[in-house]
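Below you'll find the structure, written out as structure tokens, and then a few comments.
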Amino acid sequence: MTTTRTGPEVTRTAPVRGPRPGYAIRTRGLTKSYPGPDGTTTHAVRELDLDVEEGETFAFLGPNGAGKSTTIAMLCALTRPTSGDATVAGADVRTQAHQLRRQVGMLFQHSALDPDLTAEQNLRIHARLYGLRRDVARRRAADVLATAGLTDRRRSPVSTLSGGMRRRLEIARQLLHAPAVLFLDEPTTGLDPHARAQIWEHLLALREQHGSTLFVTTHYLEEAENCDRIAIIDHGELVAQGSPLALKVAIGDDRVVLRTSEDATAHRIVRRSAPPGHSVTVDADGVCLRVPDGSSWIPRLCAELAGHGIAVHAASATPPTLDDVFFHHTGRSIHTARPGPAAAASGPSGAAAESGGGQ
């Protein structure tokens, strides 16, 4: 039998920084609604309250259709809120849209580059749209190309660049006017894992160099781990926010998995041994138990099972993940497109949860 503990040790809750006067983004009651054909109202975003500090890397985490892109559109003054207030880089989204747009950069999900122009030509067009003088634009273009590692490809048509290079060029283009806040809507969609990792190395280096606030929307959990704080949005509503560590520690329970010679029988035994109210499931991974301090449970469960003649082939205890956090607050995995009866009765592993206790 092998016993392992995967994931970082969690011993205390990381402090969550509160709002301070120098916030980069602040919203109160921000709402976007659409009238339906039958007279009903659909809320794409409902009563959103956010405080994002200057220099933070802030993740907006949620599945497709949760309201992430709608929120960014309001914060960039591309669509008017139905109600509520928001300021970005000190500018009001309703009354100071022009000033706001000059203070932000916006990376859309889909490429806005002209594939027939060179990397340098794409940057020059963007610089002219922002009214940069020619000498300033030339200098800034050289700087951002160097930052993106694309100096040697500045005269290459965009169509000849790889997906990761194009994304780095798009980020570089948004840095030309030195924005105070950089919005990145699903910045690594469509990229392979290696290119995604490179983009994130690039983004975090940019924050250190330029001090910009990064507001990232994503449904990739590993990307959210790179951020200082996370806000989880589901069906347009904010359900939780805090640092990745604080959100995970707040759940408390580790996931213990036992692979045994007779999982069905082991499941019944573990259910009797588990604390009342704690989830015990059985799936393709084996027998799964949610308990605090999972590592301490492994020896006693192994001894209990051995007493019934059941061999334990492997055991592991894993701290909560962000998918566990999302499930805890929404009742479904972030990878589930829509909640339904099956999703409501299952955790991130997809196994139906059962209450432990003396059954």
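Descriptive notes on the structure:
- Taken together, A127, A119, A148 contain a single residue that is surrounded by 13 or more Cβ atoms within 10 Å (Cβ to Cβ), more than 30 Å from A91 (Cα to Cα) and of a type outside the set (D, E, K, R), which is A119.
- Number of positions in the range 258-267 that are surrounded by fewer than 21 Cβ atoms within 10 Å (Cβ to Cβ) and either of a type in the set (V, I, T) or in contact with a Lys or Arg (Cβ under 6 Å, 6 or more places away or on another chain) (or both): 1
- Residue in the range 212-230 that is on the phi < 0 side of the Ramachandran plot, touching a strand residue (DSSP E or B) at 6+ places or on another chain (Cβ under 8 Å) and of a type in the set (G, A, S) present: yes
- Counting only residues that are more than 16 Å from A112 (Cα to Cα), under 15 Å from the mean Cα position of the chain (by Cα) and without any contact (Cβ under 8 Å) to a residue 60 or more places away in the chain, the range 172-214 holds 4 of them.
- Verdict on A195 being in contact with a helix residue (DSSP H, G or I) (Cβ under 7 Å, 6 or more places away or on another chain) and more than 28 Å from A24 (Cα to Cα): yes
- Qualifying residue in the range 72-84 (condition: more than 17 Å from R28 (Cβ to Cβ) and either hydroxyl-bearing (S, T, Y) or modelled with pLDDT under 90 (or both)): yes
- Taking the range 270-317 as the range and being assigned to a loop (DSSP other than H, G, I, E, B) and not charged (D, E, K, R) as the test, the residues that pass are A274, P275, P276, G277, H278, A284, P292, H308, G309, I310, A311.
- Only one of the listed residues (A66, A59, A44, A89) is aliphatic (A, V, I, L, M) and more than 21 Å from the chain's Cα centre (by Cα). That residue is A89.
- Number of residues in the range 132-146 that are in contact (Cβ under 8 Å) with a residue 24 or more places away in the chain and assigned to a helix (DSSP H, G or I) equals 5.
- Answer from V280, V270 - the residue that is out of contact with any Lys or Arg (no Cβ under 9 Å at 6 or more places or on another chain), crowded, with 23+ Cβ neighbours inside 10 Å and of a type in the set (A, V, I, L, M, F, W, C): V270
- Selection status of G67, at positive phi and touching a residue at least 40 places away in the same chain (Cβ under 8 Å): yes
- Residue within the range 191-204 that is aliphatic (A, V, I, L, M), modelled with pLDDT under 90, in contact with a Ser or Thr (Cβ under 6 Å, 6 or more places away or on another chain) and not in a loop (DSSP other than H, G, I, E, B) present: yes
- Residue match in the range 322-338 (condition: surrounded by 14 or more Cβ atoms within 10 Å (Cβ to Cβ), closer than 16 Å to A66 by Cα and small (G, A, S)): yes
- Look at the range 107-131: where a residue is in a strand (DSSP E or B) and a partner is not hydrophobic (A, V, I, L, M, F, W, C), sitting 6+ places away or on another chain with Cβ atoms under 7 Å, you get L107/E170; L107/Q174; L107/D185; L107/P187; T118/R154; T118/R155; T118/S156; T118/P157.
- Selected residue (criterion: surrounded by the fewest Cβ atoms within 10 Å (Cβ to Cβ)) from residues of the range 29-41 that are within 19 Å of D85 (Cα to Cα) and either free of Cβ contacts under 8 Å to residues at least 12 places away in the same chain or of a type in the set (S, T, Y) (or both): Y34
- Subset tally (residues that are farther than 21 Å from D116 by Cβ and at pLDDT 90 or above) for the range 141-150: 1
- Positions within the range 209-234 being assigned to a loop (DSSP other than H, G, I, E, B) and closer than 23 Å to A89 by Cβ, in sequence order: G211, S212, N226, C227, D228
- The range 215-270: number of residues that are at pLDDT below 90, over 20 Å from the mean Cα position of the chain (by Cα) and among the β-branched types (V, I, T): 0
- Of the residues making up the range 54-99, those that are within 26 Å of I334 (Cα to Cα), of a type outside the set (K, R) and not in a loop (DSSP other than H, G, I, E, B) are T57, F58, A59, F60, L61, S69, T70, T71, I72, A73, M74, L75.
The values are calculated or read from the model by the stated rules, or taken from the named source; none is laboratory data. Keep in mind it's a predicted model, so treat the numbers as computed, not measured. Here Cβ is always computed from backbone atoms with ideal geometry, including for glycine, and neighbour counts include all displayed protein chains.
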